Amino acid sequence: MDLLQAFTLGLVQGVTEFLPISSSGFLILIPELFGWEIQDVAFDAVIHLATLMAVVVALWPEVKLLGEKKHGRSLSTWLVLATIPVLIIGGIFELIDFDPRSAEVVAWSFIVWGVVLYLVDRRAVKTKDQVKDVGLKRAMSIGLAQAIALIPGTSRSGITITAGLHMGLSRETATKFSFLLGIPTIAIVGLVKLKDVVTGAVAIEVLPLLVGFVTAGITAFLTIKTLLAFLKTHSYAELAVLRVVLGVLILVL
């Protein structure tokens, strides 16, 4: 992997991880578009760790809630329990060596879940709720939805935000909870794959890995801040339409 490819993939990861347009989908499509060999999932996992650091910094006020006695214990419990479904199903995929990474799968996921997001977003309510108000029932529903994101093109943030909106959360709260829910999932997967890199089980050059990591972290932080500002005056409808358009283009091309 050369530095240009590492930079490009880091940029793509940082921009798409927290937008409902699927980072995993683009990490498959971009190499195919440029004729690159699809990078090892270990590289994807390591640059995901950069986006993990970005969300912690960008949502520090919400992350600090996890340490509070009043709300932190409940919120931490919700996040842990909501992470269990994706770990179980992800583990099953590993055992059966199930790898659905293909352009066709990405395209149809873009279209189907784009339509669902659009329809759900149109019914979104404006409330003054916060992440501490999510509750166990809604957290578990969002966690179950997160498992669908194991299919490339679905978008982890997109499907969990859609579930949050469907469960009556405001756009901002659904978005912030989705990002917080990504912390344990990204951390576990990233650290497991990072072990493969450190032990030499997967051979990846250090400099490209560093370039991808730094690029992904910076762009992810900027994307989170931009999206939260965007939602103050806009909805997810535009991004949902973009998903569908991209899916159709992929199928046509």
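Identify, from the list Leu87, Leu95, Leu150, Leu165, the residue that is at pLDDT 90 or above and not β-branched (Val, Ile, Thr). Of Leu87, Leu95, Leu150, Leu165, the one residue that is at pLDDT 90 or above and not β-branched (Val, Ile, Thr) is Leu165. Please go through the range 135-150 and give me each residue that is of a type in the set (Val, Ile, Thr) and surrounded by fewer than 20 Cβ atoms within 10 Å (Cβ to Cβ), ordered by number. None - no residue of the range 135-150 is of a type in the set (Val, Ile, Thr) and surrounded by fewer than 20 Cβ atoms within 10 Å (Cβ to Cβ), so the list stays empty. Looking only at residues in the range 173-202 that are of a type outside the set (A, V, I, L, M, F, W, C) and either surrounded by fewer than 18 Cβ atoms within 10 Å (Cβ to Cβ) or within 13 Å of Gln146 (Cβ to Cβ) (or both), the one that is modelled with the highest pLDDT is Ser178. Note on the range 1-77: enclosed helices (runs of 4 or more DSSP H) holding 3 or more residues that are of a type outside the set (D, E, K, R) and buried (at least 16 other Cβ atoms within 10 Å of the Cβ) are 3-16, 23-34, 41-58.
Check the range 180-197 and report whether any residue there is closer than 27 Å to Trp78 by Cβ and either free of Cβ contacts under 8 Å to residues at least 24 places away in the same chain or part of a loop (DSSP other than H, G, I, E, B) (or both). Taking every residue of the range 180-197 in turn, none turns out to be closer than 27 Å to Trp78 by Cβ and either free of Cβ contacts under 8 Å to residues at least 24 places away in the same chain or part of a loop (DSSP other than H, G, I, E, B) (or both). Within this structure, Gly212 passes the test of being part of a helix (DSSP H, G or I) and either buried (at least 19 other Cβ atoms within 10 Å of the Cβ) or modelled with pLDDT of 90 or more (or both).
Can you tell me which residue is modelled with the lowest pLDDT among those in the range 127-142 that are under 21 Å from the mean Cα position of the chain (by Cα) and outside any helix (DSSP H, G or I)? Filtering the range 127-142 for residues that are under 21 Å from the mean Cα position of the chain (by Cα) and outside any helix (DSSP H, G or I), the one modelled with the lowest pLDDT comes out as Gln130.
On inspection, Gly90 fails the criterion of being part of a helix (DSSP H, G or I) and under 26 Å from Leu239 (Cα atoms). Can you name every residue in the range 229-244 that is part of a helix (DSSP H, G or I) and surrounded by 13 or more Cβ atoms within 10 Å (Cβ to Cβ)? If the condition is that a residue be part of a helix (DSSP H, G or I) and surrounded by 13 or more Cβ atoms within 10 Å (Cβ to Cβ), then Phe230, Ala237, Leu239, Ala240, Val241, Leu242, Arg243, Val244 are the ones that fit. For the condition surrounded by fewer than 21 Cβ atoms within 10 Å (Cβ to Cβ), free of Cβ contacts under 8 Å to residues at least 60 places away in the same chain and of a type outside the set (Lys, Arg), what is the one hit in Thr226, Thr160? Exactly one of Thr226, Thr160 is surrounded by fewer than 21 Cβ atoms within 10 Å (Cβ to Cβ), free of Cβ contacts under 8 Å to residues at least 60 places away in the same chain and of a type outside the set (Lys, Arg), namely Thr226.
Take the conditions (1) part of a helix (DSSP H, G or I); (2) at pLDDT below 80; Ile111 misses just one of them, which is (2).
The combined condition, being crowded, with 16+ Cβ neighbours inside 10 Å, touching a residue at least 60 places away in the same chain (Cβ under 8 Å) and assigned to a loop (DSSP other than H, G, I, E, B), is fulfilled by Ala124.
The values are calculated or read from the model by the stated rules, or taken from the named source; none is laboratory data. Worth saying up front: this structure is predicted, and the values here are computed from it rather than measured. Positions of Cβ are backbone-derived with ideal geometry, glycine not excepted, and every protein chain shown enters the neighbour counts.
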